[in-house]
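What follows is a short report on a single structure.
Read the figures in this text as sums done on the coordinates, not as results from a lab. Just so it is clear, the structure is predicted and the values come from calculations on it, not from any experiment. So basically every Cβ, Gly included, is an ideal-geometry build from the backbone, and we count neighbours across all protein chains shown.
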Amino acid sequence: MQDTLYVPNFDENLGFWNLNDNLQKQSAPSAQIHYNGSHHWLMSYQISENEPVCILDSLKSQRTLNNSLAIQLSQIYDNHKDSLKALIPEIQRQENSSDCGVFAVAYLTELLMTNFTVDVSTIRFDISKMRAHLYECISKCSFSAFPKINKMPKMPCKDARVQTVRLYCTRKLPDIVEDMVKCDNKKCRHKWYHKKCVGFVETVRGKTWLCHFCSW
Ligand SMILES: [Zn+2]
Ligand SMILES: [Zn+2]
């Protein structure tokens, strides 16, 4: 778990993402609670290096993998691959607009207490008791499983959604981070680079550009 203070945010004036490189790579199994930069908390985890990253989002929303989260995931989970696969299972939803953080902590606790073996889609927390339980855990400085109800899942078991984030350049970050430039060598190992990573200076249109791997 890393400090969520280091969320990349978009600088409207300068027009690029502030990437404080403070989110460190983690080796699996690992888990992280994320602030997605737009008033929402959710969590992610990865059981082993070859498994996709699982995203637990208690808000029914199309924004699950917004740009900020995509960057965070690429910083934490994958270093040498060209894409990051995110699995988004159907889970219990929050019933208001403010419980996302409580759910994120509850799921994290459940995963850690079961050593990542729990089937998250079957968990039904007792929402009426969640906040009091969180308060108690924090007061005691000791976390225990959140109260659950013994009901069968309300929702039909839908397949998890899969979203893929393409990763580019030497730092393996998404292309949303900055403007991109393509190396003109067809066999280039990375092909696309963030302009800032390679210190790209605009040249005459149509002139070929080779990255520093290919220009040697
Ligand atoms: Zn190249
Ligand atoms: Zn780059």
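Find which of Trp17, Thr109, Ser74 sits farthest along the positive direction of the dipole of region 4-176, computed with +1 on the beta-carbon of Lys and Arg, -1 on that of Asp and Glu, about the Cα centre.
Thr109
PRE reach from Lys148 (point 7 Å along Cα→Cβ): which of region 69-96 fall under 20 Å by backbone N?
Under cut-off, by backbone N: 88-95.
Under the Karplus relation 6.51 cos²θ - 1.76 cosθ + 1.60, θ = phi - 60°, what is the ordered set of whole-Hz ³J(HN,Hα) values for region 29-36, x standing for Gly and Pro?
x, 8, 9, 8, 8, 10, 9, 8
Report the relative contact order of region 4-176, percent, no decimals, based on alpha-carbon pairs under 8 angstrom and at least 6 residues apart.
22 percent
Kindly flag which residue pairs out of Lys60/Lys151; Lys25/Lys60; Lys60/Lys172 have an alpha-carbon separation exceeding 23 Å in this structure.
Cα-Cα > 23 Å for Lys25/Lys60; Lys60/Lys172; rest within.
Excluding residues fewer than 8 places away in the same chain, name every one of the aspartates and glutamates whose C-alpha is closer than 20 Å to that of Lys81.
Within the straight-line cut-off, Lys81 pairs with Asp21, Glu49, Glu51, Asp175, Glu178.
Tell me the label-point distance for the pair Asn96, Asp159, using the 7 Å Cα-to-Cβ offset, in nm and rounded to one decimal.
3.7 nm
Which FRET efficiency, nearest 0.05, do His39 and Ser215 yield, Cβ-Cβ r, R0 30 Å?
Calculated value: 0.10.
For n ≥ 4 DSSP H runs only, could you compute -39500 (n - 2.57) per run for the chain, divide by its residues and tell me the 222 nm figure to the nearest 500?
Calculated from helices alone, the mean residue ellipticity at 222 nm is -5500 deg cm²/dmol.
Please list 3J(HN,Hα) in residue order for region 172-178, calculated via the Karplus relation 6.51 cos²θ - 1.76 cosθ + 1.60 where θ = phi - 60°; whole Hz, with x for glycine and proline.
Result, rounded to whole Hz: 6, 10, x, 7, 6, 4, 7.
Where does the longest stretch of the chain lie that holds no GluC sites (Glu not before Pro) found in a DSSP loop with 15 or fewer other Cβ atoms within 10 Å?
My reading of the result: 96-201 is the longest stretch.
Below 17 Å, Cα to Cα, which aspartates and glutamates can Lys187 reach? Residues fewer than 8 away in the same chain don't count.
Correct list for Lys187: Asp82.
Relative to the first principal axis of the alpha-carbon coordinates of the chain, what is the inclination of helix 100-113, with its axis defined by its Cα atoms, in degrees from 0 to 90 and to the nearest 10?
Tilt of helix 100-113: around 80 degrees.
Highest mean first, what order results for 184-195, 137-148 on Cβ atoms within 10 Å? Could you put the intermediate results ahead of the total?
Working: 184-195: 14.8, 137-148: 12.9.
By packing density, highest mean first, the sequence is 184-195, 137-148.
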